[in-house]
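Everything on this sheet refers to the single structure shown next.
The values are calculated or read from the model by the stated rules, or taken from the named source; none is laboratory data. Every value quoted in this text rests on a predicted model; they were computed, and no experiment measured them. Cβ sites come from the backbone with ideal geometry, for glycine too, and all protein chains shown count toward neighbours.
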Amino acid sequence: MITSGALLAAFALQFVFAAVGAFTQPAEDGSYLLHSFTGMAVIPALCLLTTLFAALARAPGRVIGLTLLPLGLVLLQVLLAALANAFTDPSGASTPLGLTIGGLHAVNGIVAVHVVAGVLREALKPSPQSSMAGAGA
Ligand code: HEM
């Protein structure tokens, strides 16, 4: 419960850090540093810990699978961010395709938050069969 709660908080903060990057003036390479660090290090580490604790708590396979999903969605986030940055025109300006992929990055973030909320719900379930709370997941 503790790690999945921390994971949900990290995902929520990730939206704040995206806004920090967008509003930083002047816009430069380091604008998204907090967003990058949280997305590349903090969130993946918390994802792995959540899966580990779910396994230690002998949560059902369905729940363990559910804990793996956010990590997969974060990997997709990295890919979508890279593609959004890659699809520029020869002068380096944004293209409609790149911006669409950037939009999908935001949508995928919303999907991931809902999946993590589902993991937390499982962790809060009182039944010993499905609960991951015992091991701190
Ligand atoms: C909570 C869900 C989100 C997660 C887990 C996430 C994760 C990531 C990751 C892992 C990267 C790659 C960082 C790197 O390559 O160094 C990234 C980049 C980026 N994200 Fe997100 N992101 C999320 C939501 C958002 C939202 C809502 C926006 C804005 C609407 C956004 C805007 C960006 C931008 C602009 C980049 C590229 C930054 C750069 O080029 O330096 N992200 N994100």
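When Ala54, Ala59, Ala45 are screened for being surrounded by fewer than 19 Cβ atoms within 10 Å (Cβ to Cβ) and either part of a helix (DSSP H, G or I) or touching a residue at least 60 places away in the same chain (Cβ under 8 Å) (or both), only Ala45 passes.
When Met132 is tested against the conditions (1) farther than 14 Å from Gly5 by Cα; (2) among the hydrophobic types (A, V, I, L, M, F, W, C); (3) at pLDDT below 95, the lone failure is (1). Scanning region 22-42 for residues that are over 17 Å from the mean Cα position of the chain (by Cα), closer than 19 Å to Ala82 by Cβ and not small (Gly, Ala, Ser), we see that the one that is surrounded by the most Cβ atoms within 10 Å (Cβ to Cβ) is Glu28. Close Cβ contacts (under 6 Å, 6 or more residues apart or on different chains) running from residues in region 12-29 that are without any contact (Cβ under 8 Å) to a residue 12 or more places away in the chain to residues that are among the hydroxyl-bearing types (Ser, Thr, Tyr) and within 10 Å of the ligand (Cβ to nearest atom) comprise Thr24/Ser31.
Of the residues contained in region 68-77, none is found to be at pLDDT 95 or above, buried (at least 20 other Cβ atoms within 10 Å of the Cβ) and either among the hydroxyl-bearing types (Ser, Thr, Tyr) or more than 30 Å from Thr95 (Cβ to Cβ) (or both). Looking only at residues in region 22-61 that are within 12 Å of the ligand (Cβ to nearest atom) and among the charged types (D, E, K, R), the one that is farthest from Ala123 (Cα to Cα) is Glu28.
Report yes if Phe15 is at pLDDT 95 or above, more than 14 Å from Leu120 (Cα to Cα) and among the hydrophobic types (A, V, I, L, M, F, W, C), otherwise no.
Numbers: at pLDDT 95 or above: yes; more than 14 Å from Leu120 (Cα to Cα): yes; among the hydrophobic types (A, V, I, L, M, F, W, C): yes.
Taking the combined requirement at face value, the residue satisfies it.
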